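Report on one structure; see the data block that follows.
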Amino acid sequence: MIRYFAVVSYDGSDYYGFQRLNDRPNIQQTIEKALKNMTQQEILIFVSGRTDKGVHAKGQVIHFDTEIDLEGDVWVNGINRRLPDSIRIKSVKKVNFNMHARHSAKSKIYEYKISKKESSPFTSRYENYFPNIDVDKLTKASELLEGMHDFGGFSVYIKDKPTVKTIYSVKVKETKNHITIQFHGDSFLRYMIRRMVGLLVEISTGKRDISDVLKILKTQDRAIANKTAPAKGLYLVKVFY
């Protein structure tokens, strides 16, 4: 048996997240179907972390096991020919069996893309428009999220799910047309980034005070972080091993 790691990019707009669902389109089932069409075998894939409905990926990582021994580019070409254009396999390589797409991941980078002007029909699926953002306020508020904290106030409650995470950096980058918030952390809770972005946007547009960041980190009060930014602006950029 051989274990392969694959880097995958996808447009999540038309999918109900990564996880396999019986009756709704999802990334996992679509890739597994392409693998079966290529190999005539049932091959299960395992992912570094599920993404929600509408979330995109530039560098998602999956692994799969099979007895079929092929070079990486053969896998890439063979799978991509059987996938819709919205999902692309970027690379495939052999790895040791002690490597696991989820359990071996050390950290991840996500980014949230904000348009500085109203989106067009050609960009609206890949960004979100928030008017009147003060980038200086956005940057100062985002810096308060760095470090090891209990981020339970920015997520949904899941029994026995640890909520203490470490965010290594939050970088705000501005170009002529966009503001991008990049989060690098050891791992992230469900909705955590989108709720952090929701609060940061409200602070940067004068609707909330910067002290609310510290209140949530201190109290884990989910009622304070009550805005969840739309999924379409969020991208999984890279997984580190």
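Details
- Our summary of shape: the Cα atoms of the chain have principal axis extents of 57, 41, 32 Å, ordered from largest down, in whole angstrom.
- The Kirkwood radius of segment 139-241, taken over pairs of alpha-carbon atoms, gives through the Stokes-Einstein law at 25 °C and 0.890 mPa s a diffusion coefficient of 176 µm² s⁻¹.
- Two-site FRET efficiency, Met1 against Thr219, from Cβ-Cβ distance with R₀ of 35 Å, rounded to 0.05: 0.10
- Spin-label model, Ser91/Asp160: points 7 Å from Cα along the beta carbon direction are separated by 3.7 nm.
- Between amide H atoms placed 1.01 Å from N, distances below 5 Å from Ser107 occur with Phe240, all of them 5 or more places distant or on a separate chain.
- Across segment 174-181, computed HN-Hα scalar couplings (Karplus, 6.51 cos²θ - 1.76 cosθ + 1.60, θ = phi - 60°) run 10, 10, 4, 10, 9, 10, 10, 10 Hz from first to last residue, x flagging Gly and Pro.
- Once the 1.4 Å probe is applied to the protein heavy atoms, segment 1-97 comes out at 51 Å² accessible per residue.
- Based on protein heavy atoms only, segment 130-241 ends up with 51 Å² per residue of surface accessible to a 1.4 Å probe.
- Segment Thr228..Glu118, full-extension length gain: 37.7 nm, with 0.36 nm per residue of separation and the alpha-carbon distance subtracted.
- Scanning residues 5 or more positions from His178 or on other chains, those with amide H under 5 Å from its amide H are Lys116, with H placed 1.01 Å from N in the peptide plane.
- Calculated [θ] (222 nm, deg cm²/dmol) that DSSP helices of n ≥ 4 give over the chain, each run adding -39,500 (n - 2.57): -6500 deg cm²/dmol
- Solvent-accessible area, 1.4 Å probe, carbon plus sulfur percent, for segment 102-162: 51 percent
- Antiparallel content of DSSP bridges confined to the chain, in %, to 5: 90 percent
- Subtracting the Cα-Cα distance of Ile68 and Lys207 from their residue separation scaled by 0.36 nm leaves 44.4 nm.
- Unit Cα scatterers, Debye sum, segment 82-173: log10 I(q)/I(0) for q = 0.10, 0.13 Å⁻¹: -0.49, -0.81
- Packing, taken as the mean count of other beta carbons within 10 Å per residue, orders the peptides 152-164, 194-206, 134-146 from highest to lowest as 194-206, 134-146, 152-164.
- Taking θ as phi - 60° and the Karplus parameters 6.51, -1.76 and 1.60, the scalar couplings of segment 122-136 work out to 8, 10, 5, 7, 10, 7, 9, 9, 10, x, 6, 7, 8, 5, 5 Hz in sequence order, x denoting glycine and proline.
- Carbon and sulfur %, accessible surface of segment 1-52 computed with the full protein complex present, 1.4 Å: 44 percent
- Percent carbon-and-sulfur accessible area, segment 172-241, ignoring ligands, DNA and RNA, probe 1.4 Å: 49 percent
The values are calculated or read from the model by the stated rules, or taken from the named source; none is laboratory data. Computed from a prediction, not measured in an experiment: that's the story for all the values here. Quick reminder, even Gly has a Cβ in these numbers, built from the backbone with ideal geometry, and neighbours come from all protein chains shown. Side chains are part of the model used for accessible areas, which takes the heavy atoms of the whole protein and leaves out ligands, DNA and RNA. Shrake-Rupley method; radii C 1.70, N 1.55, O 1.52, S 1.80 Å.
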